[in-house]
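See structure below.
The values are calculated or read from the model by the stated rules, or taken from the named source; none is laboratory data. Keep in mind the model is a prediction, meaning the values are calculated, not measured. Virtual Cβ from ideal backbone geometry, glycine too; neighbours counted across all protein chains shown.
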Amino acid sequence: MEHRTPPISGFAAPDLPAPFGEWFATRGWQPRAHQLDLLARTRAGRSALLIAPTGAGKTLAGFLPALTDLAGRPKAKPGEARRGVHTLYISPLKALAVDIQRNLAMPVAEMSLPITIETRTGDTPSHKRQRQKHAPPDILLTTPEQLALLIASPDADRFFSDLRFVVLDELHSLVISKRGHLLSLGLARLRALRPALQAIGLSATVAEPEALRRWLVPQDPPGAMADIVTVAGGAKPDISILETDDRVPWSGHSARYAIPKVYEAIRAHRTTLLFVNTRSQAELLFRELWRINDDNLPIALHHGSLDVGQRRKVEKAMETNSLRAIVATSTLDLGIDWGDVDLVVHVGAPKGASRLAQRIGRSNHRMDEPSRAILVPANRFEVMECRAALEANYLGAQDTPPLVEGALDVLAQHVLGAACAAPFDADRLHAEIVSAAPYAALDRPTFDRIVDFVATGGYALKSYERYARIRRTKEGLWRVSNPRVAQQYRLNVGTIVEAPMLNIRMTRRGRGGAARGGPVLGKVEEYFLETLSPGDTFLFSGRVLRFEGIRENECYVSTGTGEDAMVPSYAGGKFPLSTYLAGEVRAMLADPKRWKTLPSQVSEWLALQRDKSVLPRREDLLVETFPRGNRHYMVLYPFEGRLAHQTLGMLLTRRLERAGTHPLGFVASDYAIAVWSLNDMSAMLRDGSLGLAALLDEDMLGDDLEAWIADSWLLKRTFRNCALISGLVEKRHPGQEKSGRQVTVSADLIYDVLRAHEPDHILLRATWADAALGLLDVRRLGEMLSRVRGRIVHKSLDRISPLAVPIMLEIGKEAVAGDANEALLGEASRLSGEELMQEAMDG
Amino acid sequence: MNSLAPANDASTALTIAFGGAQAVCDRRGVLFFAALDLLVVSDLHLEKGAAFARRGRLLPPYDTAATLKRLAGVIADYDPGIVISLGDSFHDHDGAAEMPAPFRETLAGLMAKRDWYWIAGNHDPAPPADLPGHSAQEIAIDGLVFRHEPVPGAAPGEIAGHLHPGARIVRRGRSVRRACFACDGDRLIMPAFGSLTGTLNVLDRAFAGLFDRERLTAYMLGGKGIYAIAGGMLR
């Protein structure tokens, strides 16, 4: 069966050159309509976006313009100058580039096309890179970082002298990150070098394809768009929610209750892909499955912290179909076509409708057969969220996040790169940069401040003129002051900043720091390891490890035992609930008619809430207050995701403090926030000394936010990333790799100094913008506050409500934050005093 | 926000007995001997930002001003007759010579009418250019020996800097790290005073052989007070 999208009028179906027609024919294939459509558009000189589900022949479609053009190219005459790269393919994953090379090599060999295809990634040996510079392949498969390096090189113009096409794979995933910003600037540079260059974007279905279409072409005039070719989805996936007679937990993310059913599903299928949201969930699920794996099914684990060698082994096993199940995080999200997966299990709620669709797409790469997927909610709110995601998938709803403006730290990196390639004229570079969609709104004064930052640090105190990294020549061009600057640039290129990590190395028990090392198992975040004492156990790489000690940048562990091993928790990797799903969950909550699609234990819970408290309408915000123990609780249910809730929690406690309720703490989940105080907030709301409308007014995003955030570790962490990406501090120096710890310390110190002395510095502005969009999710919080104005429903209760149970169970799990550090010091000094007194009395 | 009691028992300085004298460990990272009218400050690392800028890292140029301002604060409070700057007073060899004039004047103002000793450090082995004060490799006063780098096996009473000691405790699953005075009764190592200086954990190998671990106390510098933490509590 062939799915056809009719060619859009104006573009006749092109004839394929002979070898291609024969090649399709000998396989009994026909070129698909979208492949021909895309080819016709590119032949007309257009750039184009192809949106297609997996299994639709997307890769071949993307390369057909390049392959046919190359096949028809006359042979190079003897003595003719070497040709440059003809087509550049860029993907977010090194592994994807390697995968594509394999997939392209086959048709090229079978048609005996005179086309060379090579990869260039961080793993490419330097002699090969050198060779590529002198004898470029026709098609080069690479990553955004490698592109940045190539365009920053003085011979970029020659290298790309014959460039015709850029193919951007998994564009939907690239554009949402700073890597995407870097890539957009690289693309603008390539267009400046080769104005006739055509871009071909390959993407999964997104909420706003127009944003991607703008991304592919110069924004001159503003709003210009590439063509679009859309392939309708194949068969609707067959999604179900795991049915169980077991009790679904109130809170938590482990889904332990469902493990036996999940195992049954694995046994009933050829290959199952199990997706989770975080690495810690992956570790837990993997362990729980092996605990009951009586059939010894080959079940593997795959996440980004594991040692590369181990990951490659798992990937190899996938390819040869020798695994029955693989537990994975987002490292397997992207379109690598491995093996014959016939079931996707999503453990924990998928957090977004588009995310779910993309993950289900991993199963069954023949687009005409339905994919099978099972959703496994880990708690009762997640049951509703899974239901909403399932319905959204049926409707084809998309909720990919809107694109954000290009980051300024990335811009600084790019400006330095431009100077490394050749002296630049500021006017021309600015014009080039605003042609990139993410930077289309970049005003000239901001650009000039970035150039100033690159040159001398951009400080009001002009004391570094003599140490400038780039300087103006007599002709008014900016050039690097010395070769060392270019060297430092090359070593620091890229936008991926990882939390400081330590190697996990096996040793024998009790050898601590004195031990000689065994094999490295992978890496774990330093801040987790710092909280361990020798003898503590934790779960990693599917086994229980005993912490022995930290030495330099390695953590020594031995084989541990025990049921109560900790699971490393990671700050990253937790996606907040999408706005769309949040709205659907609120709608479901408000409408008892929809409860019949929910398991009875969930619908009964909601019915109880209706009886004991109240169910908010879809656009309302329910606020409950009640006493418990000797505390007074306020629980809010905005359903706006954990990040926005944390920010709201911080701001709310500040305001409650001022209102005199004496708040003691708060906890936030994806669905709700609970704040607890010494004073009776119900009574204060009754007598008018506390007002919810004022408490939740949008003005909390003004001064309160500024005052709180400036001292927050959230901002320091964000600043560290901006400082690294912008080149203020170095990731690496020639000949020495800085350990993450040293970078952390100095970036924090720099932040404090900068904030005290130059709060308007451009890098602080970049940090604030990043944090507001990222860790603070201020935009979403603002939208919520504006939505609920006049729609706040307060219910005063004499005890906890049914709906409050999940969030109340979270209390005590959360670590204390902020000023608590000082209190911990005080506590420790008291305690050590008591211990000394005890010692003295024992003696 | 948290559910812990505030650290209201914090004090801004602790007095300890060291080398037969009473020494005040100030939260701000200086040591004061009242009987000697002597203030000790270590690892100022003045002009660190500029030193990095000379090598292509354009750190904020405000560290020297910030360090001098804090130094002025403690000098105003204690008004010492003698000040010992315990080495690494400047971050690099060019620091003193290239220091902008306003900073030089501020520093000279703080030094006026005091006996000021520049101890040589590994970052600044030569006496600082164009500044008053005495220079020395080390100084001995009343059984106390002041030098930059601690010497393993030195006689009791050594006061040194160089290592930037920091200490870490773990409570309730959280790790807190602060600069500290490290002292076992025989030797005291000063925290670094400079605004852009980091810390090194006192349990690091660099401190091996310097302290009697049984008697080690870290006086950790908090935002509100100074906290004496027994060596056994450190991580």
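List, please: which pairs have Cβ atoms under 6 Å, are six or more places apart or on different chains, and start with a residue in region B:20-33 that is closer than 11 Å to B:Gly73 by Cβ and end with one that is assigned to a strand (DSSP E or B) and β-branched (Val, Ile, Thr)?
As it stands, the answer is B:Val30/B:Val41, since those pairs meet every condition given.
Per-residue answers, yes or no, for (1) over 19 Å from A:Leu763 (Cβ atoms); (2) hydroxyl-bearing (Ser, Thr, Tyr):
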residue	(1), (2)
A:Asp427	yes, no
A:Tyr439	no, yes
A:Val451	no, no
A:Val454	no, no
A:Lys462	no, no
A:Ile470	no, no
A:Asn492	no, no
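Looking only at strands (runs of 3 or more DSSP E) that lie completely in region A:415-520, which have at least 1 residues being away from chain B (no Cβ under 14 Å), in contact with a Gly (Cβ under 6 Å, 6 or more places away or on another chain) and modelled with pLDDT under 95?
Hits in region A:415-520: A:501-506.
Applying the selection to region A:247-274, what residues are assigned to a loop (DSSP other than H, G, I, E, B) and either at pLDDT below 85 or of a type in the set (Gly, Ala, Ser) (or both)?
A:Arg247, A:Pro249, A:Trp250, A:Ser251, A:Gly252, A:His253, A:Ser254, A:Ala255, A:Ala268
Of all residues being surrounded by 24 or more Cβ atoms within 10 Å (Cβ to Cβ), in contact with a His (Cβ under 7 Å, 6 or more places away or on another chain) and among the hydrophobic types (A, V, I, L, M, F, W, C) in region B:184-203, which is farthest from the other protein chains (Cβ to nearest Cβ)? Just the residue, please.
B:Ala192
Test of understanding: among A:Arg312, A:Arg267, which residue is in contact (Cβ under 8 Å) with a residue 12 or more places away in the chain and surrounded by fewer than 16 Cβ atoms within 10 Å (Cβ to Cβ)?
A:Arg267
What are the residues in region A:185-212 that are aliphatic (A, V, I, L, M) and assigned to a loop (DSSP other than H, G, I, E, B), if any?
Hits for region A:185-212 are A:Ala196, A:Leu197, A:Ala204, A:Val206, A:Ala207.
If the requirement is being buried (at least 22 other Cβ atoms within 10 Å of the Cβ), over 18 Å from B:Pro152 (Cβ atoms), touching a helix residue (DSSP H, G or I) at 6+ places or on another chain (Cβ under 8 Å) and not hydroxyl-bearing (Ser, Thr, Tyr), which of these qualifies: B:Ala218, B:Ala228?
Within the list B:Ala218, B:Ala228, the selection yields B:Ala218.
Name the single residue that is nearest to B:Ala129 (Cα to Cα) among those in region B:86-107 being hydrophobic (A, V, I, L, M, F, W, C) and in contact with a Pro (Cβ under 7 Å, 6 or more places away or on another chain).
Checked region B:86-107; the qualifying residue nearest to B:Ala129 (Cα to Cα) is B:Ala96.
Every residue in region B:130-150 that is closer than 20 Å to B:Leu71 by Cα and over 17 Å from the mean Cα position of the chain (by Cα), please.
B:Asp130, B:Leu131, B:Pro132, B:Gly133, B:His134, B:Ser135
Residues to consider are A:Thr661, A:Thr647; find the one that is within 26 Å of the chain's Cα centre (by Cα), within 14 Å of another protein chain (Cβ to nearest Cβ) and either of a type in the set (Val, Ile, Thr) or more than 21 Å from A:Asp798 (Cβ to Cβ) (or both).
Residue meeting the stated conditions: A:Thr647.
Among the residues of region B:34-78, which ones are outside any helix (DSSP H, G or I), more than 14 Å from every other protein chain (Cβ to nearest Cβ) and crowded, with 18+ Cβ neighbours inside 10 Å?
Listed by number, the residues that qualify are B:Leu38, B:Leu39, B:Val40, B:Val41, B:Ser42, B:Leu44.
Could you say whether any residue in region A:778-790 is surrounded by fewer than 17 Cβ atoms within 10 Å (Cβ to Cβ), assigned to a loop (DSSP other than H, G, I, E, B), basic (Lys, Arg) and modelled with pLDDT under 95?
yes
Assigned by TED's automatic domain parsing to the domain that holds A:Gly223, assigned to a helix (DSSP H, G or I) and either closer than 25 Å to A:Ala771 by Cα or in contact with a Leu (Cβ under 9 Å, 6 or more places away or on another chain) (or both): is that true of A:Gly180 in this structure?
For A:Gly180, the condition - assigned by TED's automatic domain parsing to the domain that holds A:Gly223, assigned to a helix (DSSP H, G or I) and either closer than 25 Å to A:Ala771 by Cα or in contact with a Leu (Cβ under 9 Å, 6 or more places away or on another chain) (or both) - is met.
If B:Asn122 satisfies all but one of (1) assigned to a loop (DSSP other than H, G, I, E, B); (2) among the polar types (S, T, N, Q); (3) modelled with pLDDT of 95 or more, what's the number of the condition it fails?
(3)
Quick one: in region B:126-182, of everything that is at pLDDT 95 or above and polar (S, T, N, Q), which residue is nearest to B:Gly198 (Cα to Cα)?
B:Gln137
Would region A:376-390 turn up any residue that is assigned to a loop (DSSP other than H, G, I, E, B) and either among the hydroxyl-bearing types (Ser, Thr, Tyr) or closer than 18 Å to A:Ala152 by Cβ (or both)?
Checked against the condition, which is being assigned to a loop (DSSP other than H, G, I, E, B) and either among the hydroxyl-bearing types (Ser, Thr, Tyr) or closer than 18 Å to A:Ala152 by Cβ (or both), region A:376-390 yields no hits at all.
So if I check each of A:Asn277, A:Asn293, which one is within 27 Å of the chain's Cα centre (by Cα), surrounded by 15 or more Cβ atoms within 10 Å (Cβ to Cβ) and in a loop (DSSP other than H, G, I, E, B)?
A:Asn277
Can you tell me which residue within region B:204-221, out of those that are modelled with pLDDT under 90 and at the interface with chain A (Cβ under 10 Å from one of its Cβ atoms), is farthest from the chain's Cα centre (by Cα)?
B:Arg205
Restricting attention to region A:462-480, which residues are surrounded by 12 or more Cβ atoms within 10 Å (Cβ to Cβ) and either without any contact (Cβ under 8 Å) to a residue 24 or more places away in the chain or at positive phi (or both)?
Once the filter is applied, which keeps residues that are surrounded by 12 or more Cβ atoms within 10 Å (Cβ to Cβ) and either without any contact (Cβ under 8 Å) to a residue 24 or more places away in the chain or at positive phi (or both), region A:462-480 yields A:Ser463, A:Tyr464, A:Tyr467, A:Ala468, A:Arg471, A:Arg472.
Identify the single condition in (1) part of a loop (DSSP other than H, G, I, E, B); (2) within 11 Å of chain A (Cβ to nearest Cβ) that B:His162 does not satisfy, given that it satisfies every other one.
The one condition B:His162 does not meet is (2).
Is it the case that A:Phe666 is in contact with a strand residue (DSSP E or B) (Cβ under 8 Å, 6 or more places away or on another chain) and farther than 25 Å from A:Gly782 by Cα?
no
Please work out which one of (1) more than 14 Å from chain A (Cβ to nearest Cβ); (2) in a strand (DSSP E or B) is the condition B:Phe181 fails and give its number.
(1)
Among the residues of region A:151-170, write down those that are at pLDDT 95 or above and closer than 30 Å to A:Val206 by Cα.
Residues satisfying the conditions are A:Ile151, A:Leu163, A:Arg164, A:Phe165, A:Val166, A:Val167, A:Leu168.
Within region A:89-115, which residues are closer than 18 Å to A:Ala148 by Cα and assigned to a loop (DSSP other than H, G, I, E, B)?
Matches in region A:89-115: A:Ser91, A:Pro92, A:Leu93.
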